[in-house]
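Worksheet: one structure, shown below.
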Amino acid sequence: MTIRRVHVTTTVTAKSRDRSWIKPLASAALLSAAALLTSAVTARSADETDVITSHGYSFYGNLDYPADFTHFDYVNPEAPKGGELAIPFIGTLDSMNPYSGKGRAHAFSVYPYESLLADAAPADKYGQSYCLLCKSVEYPEDKSWVIFHMRPEAKFSDGTPVTAHDIAFSHNLLLDQGLKSYADAVRKRIPKVEVIDDHTIKFYFADGISRRSLIEQVGGVPAWSKKWFDETGQKLSENWIEGPPGSGPYIIDEIDLSRRLVLKRNPDYWGKDLPVNQGRHNFDTLRVEIFADDTAAFEAFKAGEYTFRAEGDSKKWASGYDFPKVDSGAVKLEELPNGAPPSPSGIIFNLASPDFQDRRVREALALAFNFEWSNESLLYGLFERRASFTQNSPLMATGVPEGAERAFLDSLGDLVPSEMLEEEVYVPVTSEPSRLFDRRNARKAAALLEKAGYPVGSDGKRVTPEGAPFELDFLFSSSSSPTTRGVMENFVNNLESLGVAVNFEVVDTAQYTSRERARDYDLVVDSYTSFLGTGTGLAQRFGSEAAEYSLFNPAGLASPLIDSIIEESLRAETREEEVAIMTALDRALRHEFIMIPLWYNPDHWVAYYDQFEHPAVIPPYSLGYLDFWWYNEDKAKALRDAGALR
């Protein structure tokens with residue numbers, strides 16, 4: 001096998017800007033290129049184009065696991081199979097189709113489906129994918145196309161083979177009937193798919209665009225049975241309860257959307273011996289118990305109705321786990337490190353609302369949120385305040401832009417506001433923890449509202465520049481914890497003390513989902529997705545083109561600056577260049593002020609009946625309790641004998 005450095009050449013459109021800013025990175029890029037020699041890829045000549053054949057894919061060519069790897073580092077390859085793990089779900093469900101954009105489906109609805117590339121390595125290796133339904137992947141240096149050679153032994157749970165025809169069908173189905181934001185982002189980049197034979201499929205990528213994320217995109221398409229859709233006439237755009245058969249390790253065994261969902265491990269799973277699956281999918285059964293609220297769910301946990309709880313409520317974590325089963329050791333509590341950037345959650349502004357067009361109004365409302373008081377008084381001091389969209393990662397912007405980040409921002413010209421270059425990156429204001437509304441921040445908030453044209457009327461209520469009452473609709477889900485609700489209610493009290501009228505609406509999860517998708521709110525507690533690198537998915541989350549209808553952009557952010565940064569990030573040719581651009585993206589998103597950042601927990605809080613075990617070292621990007629934890633029958637028997645579990 002020939003091992004060689006792969007030089008990726010990306011086609012650049014006429015819209016590309018001057019890239020001279022990257023010259024300071026040249027030395028670092030040369031050093032990082034040497035690391036690519038560790039990737040076990042084979043190159044051959046075909047039509048004067050070098051073609052790479054590999055057991056996986058990374059944009060920069062680096063695969064830390066060699067072709068003959070036996071298992072991922074973070075798993076226990078000797079983990080026993082068996083037992084059940086049961087978890088709660090708070091809220092209401094009405095679908096098992098998460099791809100339609102209608103209704104509310106549980107995450108278990110995607111579990112039966114696999115893809116060409118395994119979605120497992122990101123638990124410990126960012127940006128690396130390994131073959132699952134495929135046995136090898138083949139692409140030229142310029143990444144203008146990709147061929148997947150599929151495993152002929154792959155089967156759906158009904159025993160029918162998974163073929164290239166199914167992959168092509170699934171890809172086209174997502175474009176024709178899936179989410180519009182997804183289809184719009186993918187269709188123009190992937191103009192053609194070709195089934196070469198039953199187990200070989202080729203995707204062609206459009207000329208003049210970045211190749212970033214394209215191979216990962218097509219490699220991650222869920223494999224659905226074309227035969228099932230043809231026979232049932234089912235549409236992806238409609239809700240369903242019993243969906244198509246999948247090829248994965250679990251099949252859906254029980255569906256009662258008002259009470260529970262049950263997955264069982266497929267004893268005939270075709271891929272159980274693959275290296276990517278060793279030490280994984282260890283439970284015979286995965287069960288979800290459905291509850292209307294978290295109070296009922298917590299009582300059910302104490303009674304043993306389910307066995308694993310990932311805790312997010314600081315009040316419960318600090319004071320709720322004092323029941324006898326914890327004292328006896330039947331229920332185990334752990335705080336496990338979380339190396340992933342926390343979700344960028346916050347009180348999100350609907351930027352389509354007329355009153356939020358002036359940034360000063362948004363800044364004024366943010367001053368009314370006292371994190372320090374909330375953390376000490378309601379959250380037991382257990383959380384930290386989030387500032388960044390990629391908190392605590394190498395991509396987190398700090399201070400004023402310097403070095404490669406500054407050079408990149410300078411290359412964008414007048415798109416970048418001068419204050420972004422000259423002032424330190426936005427961080428949330430600190431407040432006095434002894435008072436619900438910090439007096440200094442209250443004065444600043446009132447002054448900002450006055451300057452923006454929102455004075456206080458004779459009745460003590462603020463009015464808009466047009467003289468109408470300044471009123472806001474704040475949408476909140478009943479499935480959120482009582483502690484979070486309490487924090488939000490105190491925030492609303494502070495807004496009302498500023499003279500802002502707030503309609504704080506607590507609705508059930510079905511209404512919440514429907515209204516959020518319709519953007520029927522001024523304020524909502526929600527989150528974006530954190531990032532560790534670039535990708536075409538950034539446009540779905542933060543881009544202008546899909547801002548009006550993307551389910552992943554609850555603020556409706558549409559910014560030429562953000563669009564330009566995302567576009568340039570897709571052309572990054574080294575990791576060093578990518579880091580500089582993505583740091584600039586974090587800085588720009590914080591400058592756009594689309595939300596009031598909330599809090600995060602640097603650890604995973606977990607409570608579980610002491611019949612489960614996990615690897616000594618949890619990988620940085622995944623807790624993995626549904627994936628690579630396992631069941632200890634001896635411990636389970638001891639719990640049953642003691643009466644702690646049935």
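Points to keep in mind about this one:
- Mean residue ellipticity (222 nm) of the chain, computed from DSSP H runs ≥ 4 via -39,500 (n - 2.57), nearest 500: -7500 deg cm²/dmol
- Among the GluC sites (Glu not before Pro) in region 126-234, those located in a DSSP loop and surrounded by at most 16 other Cβ atoms within 10 Å of their own Cβ are GLU141, GLU153.
- Prolate is the label for region 345-600, because the ratio a/c of its alpha-carbon gyration tensor axes (a ≥ b ≥ c) is 1.5 or higher and a/b is greater than b/c.
- Summarising the strand pairing of the chain, around 80 percent of its internal DSSP beta bridges are antiparallel.
- Straight Cα distances below 19 angstrom link LYS451 to the lysines LYS461, with same-chain residues fewer than 8 positions distant left out.
- Between the amide H of ALA397 and those of ARG587, distances stay under 5 Å, these residues lying 5 or more places away or on another chain, with hydrogens modeled in the peptide plane.
- Under-5 Å amide H pairs with GLU311, H placed in peptide plane, nonlocal only: TRP605, VAL606, ALA607
- Contact order for region 461-608, expressed relative to its length and based on alpha carbon pairs under 8 Å spaced 6+ residues apart, stands at 18 percent.
- Residues whose amide H comes within less than 5 Å of that of SER136, counting only those at least five positions distant or on another chain, are HIS149 (H built at 1.01 Å from N in the peptide plane).
- ³J(HN,Hα), Karplus 6.51/-1.76/1.60, whole Hz, each residue of region 611-628, x for Gly, Pro: 10, 10, 9, 9, x, 4, 10, 7, x, x, 10, 7, 6, x, 5, 8, 10, 10
- Centre separation in Å (Cα based) which lies between region 196-275 and region 440-508: 45 Å
- For the residue pairs LYS272/LYS302; LYS81/LYS125; LYS81/LYS325; LYS102/LYS316, the alpha carbons lie more than 31 Å apart in LYS272/LYS302; LYS102/LYS316.
- Coil-residue trypsin sites (Lys or Arg not before Pro) of region 212-268, DSSP, other Cβ within 10 Å capped at 12: ARG259
- Averaging the Cα positions of each part gives two centres, and for region 521-552 and region 86-160 these lie 21 Å apart.
The numbers here are math on the coordinates, done by the rules we state, and not lab data. These figures come from a predicted structure and were not determined experimentally. Glycine gets a Cβ as well: all are built from the backbone with ideal geometry, and neighbour counts include every protein chain shown.
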